[in-house]
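Worksheet: one structure, shown below.
The values are calculated or read from the model by the stated rules, or taken from the named source; none is laboratory data. From a predicted model like this one, the values you see are computed outputs, not experimental measurements. FYI the Cβ positions are ideal-geometry reconstructions off the backbone, even for glycines, and counts take in every protein chain you see. Just so you know, the surface numbers come from the protein's heavy atoms only, side chains and all, with ligands and any DNA or RNA stripped out. Shrake-Rupley method; radii C 1.70, N 1.55, O 1.52, S 1.80 Å.
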Amino acid sequence: AVLLIDLMSRFSSAALESQVLFQIQCFGELENQDSEKLELASDDPNTCFVRFLNGVVVINKDDIKLIPYTELTDKGAVWENSIIQKGIEIDKTEGLYEQFCKNAMRVRDNKLASADSDWTREYPITDSVEKNFDSLRSSIGYLLHADNTVQKAIVYIDRNSTITKEEGGNGKTVVMKSIQYFRDRMSVNGKQFYKGGGGDRFAFSGVTPSTGLIHIDDIDKNFDFKSLFAFLTGDLEVEGKGTNKVIIPEDRKPKFGITTNYVLQGGGTSHARRQHIVEFGDFWNRCNKEGEAPWEQEHLGKRLFNDFNQKDWNQFYTFGFKCIQLFLRKGLVNGAMGSYEEKQLATSVASEPEVQEWIRNYVMERRVQLNHHVNGVADYALHLIFTNDVDPMITKYWDKTRLMKALYEYVSKLDEYDWNPHKSSRGDTMSDRRFLVSEDGVQKPYIKIVSDSDSANDDLYKDPMSYFKEMLKDA
């Protein structure tokens with residue numbers, strides 16, 4: 001190499017180009033006037049290749065195996081920069097990273113208050129935790145698989161976040177960043193993403209053909225997911241300041257991952273079919289609040305990645321292989337969505353986050369605390385509660401009629417919730433379900449929202465006479 005550099009240094013730039021470089025054949029992933037197309041061993045919908053110093057791990061639905069590069073010649077060539085600079089042995093035993101991911105799905109059960117100082121007993125491994133863990137694993141597999149037949153954004157969000165309040169420290173960014181040990185990751189500051197002034201044109205200026213993941217980290221609560229629609233499907237146009245636009249073909253563009261402490265604004269099928277949501281529990285957040293750290297002996301016992309030995313790396317990479325295999329078998333697995341769908345539905349009935357949060361909180365918690373699920377509540381009284389809770393600069397645009405319509409729309413979209421269910425025989429519209437109660441000789445509109453999970457849902461109807469009196473109130 002030293003001799004070659006010495007010889008090349010004797011040529012002028014013009015002579016080097018005209019006498020030497022023009023004779024060297026150039027190859028690229030795409031055929032054009034400057035290069036000849038090079039056939040590469042690329043991922044397809046049924047197979048994934050992960051390259052290491054001592055061979056290639058080939059993953060399909062049925063098998064995970066390490067093969068030498070000589071067995072890959074019929075599949076095509078391999079770029080040297082795509083090789084992970086480590087040796088690998090497949091080790092399917094559970095490692096520290098897999099433990100971290102599973103714990104990140106755990107949710108506190110308030111009924112399991114620990115009798116001793118071991119707060120982790122309050123975080124059981126339930127069916128919901130297992131289901132969310134499968135969802136997380138499939139999302140990791142999707143991000144590691146370079147095939148773009150499926151095009152969605154992977155969204156990691158904290159379960160305890162609300163529409164107006166962020167909650168973090170639960171491991172979502174650690175998991176998203178871990179993709180960089182398999183594929184090149186480019187991070188985009190979510191707080192600055194699409195702030196106007198042409199910033200959107202250059203949001204992905206750092207993307208190169210080798211970029212495997214665009215990670216939009218810590219997005220703002222007002223982030224508009226629609227701004228990603230054009231990037232999630234079709235070719236990816238990359239433009240830098242003062243440089244030419246580069247088009248990365250659809251089948252070779254990077255995947256998109258989002259980490260957020262806020263519920264994404266907007267809903268409906270156009271959003272849902274472009275997203276895969278994974279809700280993180282509060283185990284690691286609680287760990288921090290207890291003054292502990294994940295790498296301490298009572299938890300993982302060492303820092304992820306920084307303190308890894310060869311066995312830890314083998315277990316980490318093999319966990320990734322198993323995630324890829326799960327994705328190849330089942331696609332993106334839906335988790336036990338918990339509260340996310342309820343939160344996102346609220347964004348579809350009101351534009352103001354404060355109103356969204358009030359509506360959700362009332363339906364999910366406060367109506368039961370106030371016993372409204374049993375006795376109902378006059379619409380004017382409920383509107384008064386709303387105006388007392390929310391900023392007057394917002395409530396001045398929300399009269400009683402608008403609030404009741406938004407509440408009805410929200411409840412009608414929720415599974416296992418019902419609006420004035422004793423009027424269901426009359427129809428399904430808000431006017432069909434009109435419920436009047438006499439107050440001082442005047443008929444007042446009432447609403448009663450009930451859920452299948454309400455502990456006192458049927459109290460009013462245990463006595464047949466009480467049920468008869470209720471039906472007569474607005475007859």
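Annotations
- For Leu213, net neighbour charge (Lys/Arg +1, Asp/Glu -1) across residues whose Cβ lies under 10 Å away: +3
- Among the chymotrypsin sites (Phe, Trp or Tyr not before Pro) found in segment 356-465, those both in a DSSP coil and sparsely packed, with 11 or fewer other Cβ atoms within 10 Å of their Cβ, are Tyr397.
- Between segment 92-115 and segment 356-387, the C-alpha centres lie 35 angstrom from each other.
- Per-residue SASA entry for Arg252, accessible area with 1.4 Å probe, Å² rounded to 10: 70
- For segment 319-372, the per residue solvent-accessible surface stands at 37 Å², with DNA, RNA and ligands left out and a 1.4 Å probe.
- Figure note: Ser82, Ser138, Ser12 ranked by solvent-accessible area, largest first, 1.4 Å probe, ligands and nucleic acids not counted: Ser12, Ser82, Ser138.
- Legend: residue pairs Lys131/Lys405; Lys111/Lys330; Lys61/Lys86; Lys221/Lys330, Cα-Cα distance threshold 30 Å; pairs beyond threshold, Lys131/Lys405; Lys111/Lys330; Lys221/Lys330.
- Karplus-derived 3J(HN,Hα), 6.51/-1.76/1.60, for each residue of segment 132-145, Hz, glycine and proline x: 5, 5, 4, 4, 4, 4, 5, 5, 5, x, 4, 5, 7, 8
- Sites matching GluC sites (Glu not before Pro) across segment 366-463 that sit in DSSP coil, with at most 13 neighbouring C-beta atoms within 10 Å: Glu416
- Protection proxy ranking of 142-154, 302-314, 283-295 - average other beta-carbon atoms within 10 Å, highest first: 142-154, 283-295, 302-314
- Contour minus Cα-Cα distance for Thr120 and Gln85 (0.36 nm per residue): 8.9 nm
- All other residues whose Cβ lies under 11 angstrom from that of Ile247 are scored, Lys and Arg at +1 and Asp and Glu at -1, for a net of -1.
- Solvent-accessible area of Glu296, all protein chains in place: 60 Å² (probe radius 1.4 Å, heavy atoms, ligands and nucleic acids excluded).
- Overall form of segment 396-451 per C-alpha gyration tensor (a/c, 1.5; a/b vs b/c): oblate
- Accessible surface area normalised per residue over segment 376-462 is 55 Å², counting heavy atoms of protein chains with a 1.4 Å rolling probe.
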